[in-house]
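Input: a single structure, listed below in structure tokens.
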Amino acid sequence: MVKRSYSYVIFDLDGTLVNTAPDIALCVNELLRKRLIPTLNDETVSQFIGGGTELFIKNLYSFLSIQLTDSQLADEVDQFFQLYMKTPVQKSNLYDTNTYSVMKTLTEKGIKIGICTNKIEVLTIDVLKYFNLFDLCSTVVCGDTLSVKKPNPLPLLTAMEQINANSNNTLYVGDTRIDLECCQSASVDFVAVQWGMDKELLALPVRFLKEIEELLAIVC
């Protein structure tokens, strides 16, 4: 990644800022119990997070050798949302206790920050507000904001447009190959978090943050 002067930093949410896998796994396992299927641990569930709920459910069930019709998939997604919306932050936690202070420092230095996630808006806002991050964000683009999700570059480009950013002064922080592909298509610099959910990303030639505070050295 070429060193640039960044005025804007846009973050992914799940797997990047917040470890939402425990709450997501809690809901998924409730669905599996109804099917009399053994439950999964958080790490297994986290492998499928990042592409939006429909793709998440589809891929996870495929992993379990369960093939769903379109109507069955829609029903499972609906049931998942009903469960998840009741307790979106029961077990979730920030990956790094310095997350708020780092994001606050960025804003104090005049850096505008935002969120571009495949999570739906109502859940995204719940999570951001719970961890006191919402008011730090100048833009929030979610999985249901547009008709497409990441890796399509349009959500990221939309977030940038809303804060008058461009590809030359924006850095995106994510944790999956979906995020990387999105940035490549949008010609936006990308940095990955080492603690993210997509472990296969670790093998790719991208820059990683070992802790959130390292972001300050890159941006400021």
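The numbers here are math on the coordinates, done by the rules we state, and not lab data. Everything quoted here is computed from the prediction, not taken from an experiment. Counting neighbours? That spans all protein chains shown, and the Cβs are built from the backbone with ideal geometry, glycine included.
Some notes on this structure:
- Trypsin sites (Lys or Arg not before Pro) restricted to DSSP loop in the stretch 107-154 with at most 14 other C-beta within 10 Å: Lys109
- Degrees between helix 121-130 axis and first principal axis of the chain (Cα, 0 to 90, nearest 10): 70 degrees
- Where Rh is the Kirkwood radius over Cα pairs, Rg/Rh for the stretch 87-220: 0.92
- Choice from Asp179, Asp23, Asp14 with maximal GNM fluctuation in the chain (Cα, 10 Å cutoff): Asp23
- Among Ser92, Ser138, Ser101, sorting on how many other beta-carbon atoms sit within 10 Å of each Cβ, with the fewest leading, yields Ser101, Ser138, Ser92.
- Put in line by how crowded their Cβ is, counting other Cβ atoms within 10 Å and starting with the fewest, Arg177, Arg207 read Arg207, Arg177.
- Measuring between alpha carbons in the structure, the pairs from Lys58/Lys91; Lys58/Lys149; Lys129/Lys199; Lys91/Lys210; Lys91/Lys129; Lys119/Lys210 lying more than 18 angstrom apart are Lys58/Lys91; Lys129/Lys199; Lys91/Lys210; Lys119/Lys210.
- Burial ordering of Cys142, Cys182, Cys116, fewest other beta-carbon atoms within 10 Å first: Cys142, Cys182, Cys116
- Dipole magnitude of the chain, debye to nearest 20 (Cβ charges: Lys/Arg +1, Asp/Glu -1, about Cα centre): 240 debye
- Angle of helix 99-108 to the longest C-alpha principal axis of the chain, folded into 0 to 90 degrees and rounded to 10: 30°.
- All C-alpha to C-alpha distances of the stretch 21-84, sorted into 10 Å bins beginning at zero, yield P(r) values of 22, 66, 11 percent in whole numbers.
- Applying the criteria of a DSSP loop state and at most 12 other Cβ atoms within 10 Å to the trypsin sites (Lys or Arg not before Pro) of the stretch 13-65 yields Arg35.
- Taking a sphere under 9 Å around the Cβ of Pro151 and counting the other residues whose Cβ falls inside, with K and R at +1 and D and E at -1, yields a net charge of +1.
- For the stretch 1-142, the calculated P(r), taken from all Cα-Cα distances in 5 Å bins from zero up to the bin holding the longest distance, is 2, 9, 18, 21, 17, 12, 9, 6, 4, 2, 0 percent.
- Counting DSSP beta bridges with both ends in the chain, the antiparallel % (nearest 5): 10 percent
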